[in-house]
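Below is one structure, written out as structure tokens; comments come after it.
The values are calculated or read from the model by the stated rules, or taken from the named source; none is laboratory data. Since the structure is predicted, the reported quantities are computational estimates derived from the model, not experimental observations. All Cβ positions, glycine included, derive from the backbone under ideal geometry; neighbour counts span all protein chains shown.
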Amino acid sequence: MKSLMKSAALAVTVSLCASSMTFAAENVRLTGSGASFPAPIYLTWFKDFSKKTAGVTVDYQSKGSGAGVQDFLNKTVDFAASDSAMKDEDIAKVAEGVQLLPMTAGEIVLAYNLPGNPKGLKLPRDVYSNIFLGKITKWNDPQIVAANPDLKLTDTPITVVVRADSSGTTAVFTKHLATINPEFKQALGEGNTVNWPASDKFIKSPKNDGVTATVRQTPGAIGYIEYGFAKLAKVDFAQLQNKAGQYVVPNAESGAEALAAVKMPESLVAWLPDPDGAKSYPITSYTWMIFRKDNGNPAKAKAMREMVEYSLTEGQKIADSMGYIPLPQSVVDQVRKASANIQ
Amino acid sequence: MIKPFVVPVNPDSACQPPSAKDFLVDRTFRALAKIGVVLILALVVALVFEVGRKALPGMEKHGFDVLLGSVWDVNQGKYGILPAIWGTLYSALIALLIAGAFGVSMAIFLTQDFLPAKLAAVFRTIVELLAAIPSVVYGLWGIYVVIPAIRPLTTWLNSELGWIPFFGTSLSGPGLLPAALVLAIMILPTIAAVSQDALTSVPMKTKQAAYGMGTTHWEAILKVMVPSAATGIFGSLVLGLGRALGETMALAMLVGNANNISLSLFAPANTLAALLALNFPEAGPNEIEVLMYAALVLMFITLLVNVIGSMIMLYAQRGTKQ
């Protein structure tokens with residue numbers, strides 16, 4: 001009886017070992033975490049890529065740029081994603097070397113809710129930066145009226161809706177405001193969270209959905225959300241005045257113009273806090289995936305390179321329809337070249 | 001080994017000494033119960049210890065500035081949770097007032113022969129169903145239903161009675177009042193259910209005696225039944241308050257998360273639980289220390305509420321027995 005059990009146990013162990021060995025040879029599982037802003041498009045890419053590539057599965061957890069970088073540093077994930085790239089001191093902590101790759105780009109729009117739902121609100125640079133500083137508080141402020149002679153604006157108070165959680169979206173948005181308005185830079189600065197003015201007309205809501213819902217339900221509200229989200233939620237968003245003084249509607253073309261206005265450096269980290277160009281949408285930003293240069297696992301490294309290649313080719317085609325901006329061809333070439341560093 | 005008693009008994013008797021199996025079951029149950037108690041205590045201690053350990057650096061660095069400050073600015077390293085403490089207590093208190101009034105009245109209505117027993121059971125189930133709705137759903141419901149519904153009234157109150165501090169600002173959207181209203185609905189099932197239990201556990205004889213003395217229906221309820229069940233009803237309020245203090249997601253969506261200290265019911269406010277939930281995911285090491293500190297403060301507030309509640313209950317019991 002005893003020997004029978006022993007041999008049975010042995011058989012189970014052997015078969016388990018065998019199956020796990022074949023698993024390792026065939027299946028590569030990549031895990032990533034980070035930015036929530038590109039999460040919808042990343043998840044679509046990874047799903048399609050996993051389906052089309054035998055033996056490779058990619059899992060992505062959208063938990064925020066900061067958390068993604070933290071996971072990457074703790075080595076709990078194979079790659080991370082971040083809207084604010086990666087700090088130099090964090091890069092220095094990774095002995096294996098870090099390769100940042102911009103994968104897509106997005107715009108941040110100012111969604112608004114005005115009585116009577118007027119379309120095509122235009123906001124000059126001074127105005128929208130001062131709204132978020134709490135200095136312009138009524139919709140019939142002379143500066144807003146002057147920019148929108150065709151709209152009927154009442155003395156509705158402006159309710160400013162901002163993100164309550166720490167977010168890369170806030171980082172990109174405040175970076176832009178701090179660049180165009182010195183007072184904003186001095187009073188609030190930039191970052192994943194900033195200390196918004198204390199006023200009963202500043203409301204914080206969690207995540208993009210929270211901000212969107214609050215804007216929709218609050219007459220006189222204005223809030224910043226991602227373009228893709230605004231498009232899905234069908235909220236009205238404002239035309240913003242860019243550096244060249246033109247009012248620009250956020251869409252794939254105006255975003256592409258903004259990206260084209262900045263030359264991608266060797267490090268592949270380019271910021272567009274206030275892009276040049278008459279047709280550029282002013283609040284546009286790249287978002288990055290973060291890889292280790294030396295992964296110590298050729299199969300994984302190969303799978304990651306394939307994943308990047310898929311995202312650069314097939315992936316870019318769906319960017320526009322999902323509310324993101326496809327990378328310019330020159331950037332795609334640069335990223336492809338740099339992806340060879342993932343070994 | 002446990003040995004059963006060996007007592008000579010008449011084999012025909014219906015009374016038998018406990019068998020070995022009875023002993024075993026009894027001992028095992030006792031042991032399991034003891035382990036359970038010890039584990040629960042150990043869990044609480046571990047929780048407080050762990051949070052306290054992580055909060056310690058923050059407490060050393062910032063001291064009481066955190067408790068008294070009202071600015072939360074991560075970039076400048078300024079952390080103040082006074083507005084969150086204020087908002088937590090204020091929203092929970094308003095929710096308790098509303099839910100307490102409705103919950104206790106509901107319990108009286110459902111237990112004191114106002115309805116046929118079957119109908120009362122249906123209502124009871126419906127109220128208890130409220131407890132099964134997820135917090136996020138309450139939050140969304142608050143944004144899409146409650147806020148638009150109360151907006152006309154709040155606008156009127158602000159324009160006509162704006163000199164009263166409670167109506168001092170106009171309601172923009174999320175704010176203290178919508179948060180407190182939704183919170184009240186969330187703690188209503190707890191208060192209603194526990195109060196009902198308290199009222200139904202008053203012995204039938206007490207009620208009969210009251211009627212026998214010639215009381216009316218309402219006199220019996222207000223002067224006999226409710227005072228007899230007071231301890232249990234009070235317990236339900238303490239439980240409800242405890243839940244209100246810790247509620248997170250619905251509040252994070254409805255309270256406005258602004259670091260304001262205002263008496264106005266229509267101004268956005270902040271609560272400790274919402275502050276923790278929204279800032280934890282992306283917090284850096286310096287911020288985590290302070291968030292742990294804030295968590296400790298929240299635990300302390302909840303503990304304090306429970307201790308005060310228990311003390312009042314003890315006092316009330318003594319009062320009724322004398």
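Some observations on this one:
- Count of residues meeting criterion [part of a loop (DSSP other than H, G, I, E, B), more than 7 Å from chain A (Cβ to nearest Cβ) and crowded, with 24+ Cβ neighbours inside 10 Å] in segment B:248-264: 1
- A single entry from A:PRO149, A:PRO157 fulfils the requirement of being more than 11 Å from chain B (Cβ to nearest Cβ) and not hydrophobic (A, V, I, L, M, F, W, C): A:PRO149.
- Within segment B:273-286, if we keep just the residues that are more than 9 Å from every other protein chain (Cβ to nearest Cβ) and out of contact with any Leu (no Cβ under 9 Å at 6 or more places or on another chain), the residue that is farthest from B:TRP86 (Cα to Cα) turns out to be B:PRO285.
- Selection from segment B:149-185 of residues that are over 24 Å from A:GLY210 (Cβ atoms) and in contact with a helix residue (DSSP H, G or I) (Cβ under 6 Å, 6 or more places away or on another chain): B:LEU157, B:ASN158, B:LEU161, B:PHE167
- Test: B:ALA294 is away from chain A (no Cβ under 14 Å), modelled with pLDDT of 90 or more and under 13 Å from B:ALA84 (Cα atoms): yes
- Residues that are closer than 13 Å to B:MET292 by Cα and within 14 Å of another protein chain (Cβ to nearest Cβ), drawn from segment B:36-79: B:TYR79
- Screening A:TYR247 on (1) farther than 27 Å from A:LEU73 by Cα; (2) in contact with a Pro (Cβ under 8 Å, 6 or more places away or on another chain) shows it passes everything except condition (2).
- Residue match in segment A:98-115 (condition: outside any strand (DSSP E or B), in contact (Cβ under 8 Å) with a residue 60 or more places away in the chain, assigned by the TED database to the domain that holds A:HIS176 and surrounded by 15 or more Cβ atoms within 10 Å (Cβ to Cβ)): yes
- Any chance B:THR154 is in a helix (DSSP H, G or I), away from chain A (no Cβ under 14 Å) and at negative phi: no
- Checking each residue of segment B:7-21 against the condition of being crowded, with 16+ Cβ neighbours inside 10 Å and not in a helix (DSSP H, G or I) gives no match.
- Taken together, the residues in segment B:169-221 that are surrounded by fewer than 17 Cβ atoms within 10 Å (Cβ to Cβ), closer than 23 Å to B:VAL127 by Cβ and touching a Ser or Thr at 6+ places or on another chain (Cβ under 7 Å) amount to 1.
- Looking only at segment B:232-247, and only at residues there that are of a type in the set (Gly, Ala, Ser) and surrounded by 23 or more Cβ atoms within 10 Å (Cβ to Cβ), the one that is nearest to the other protein chains (Cβ to nearest Cβ): B:ALA244
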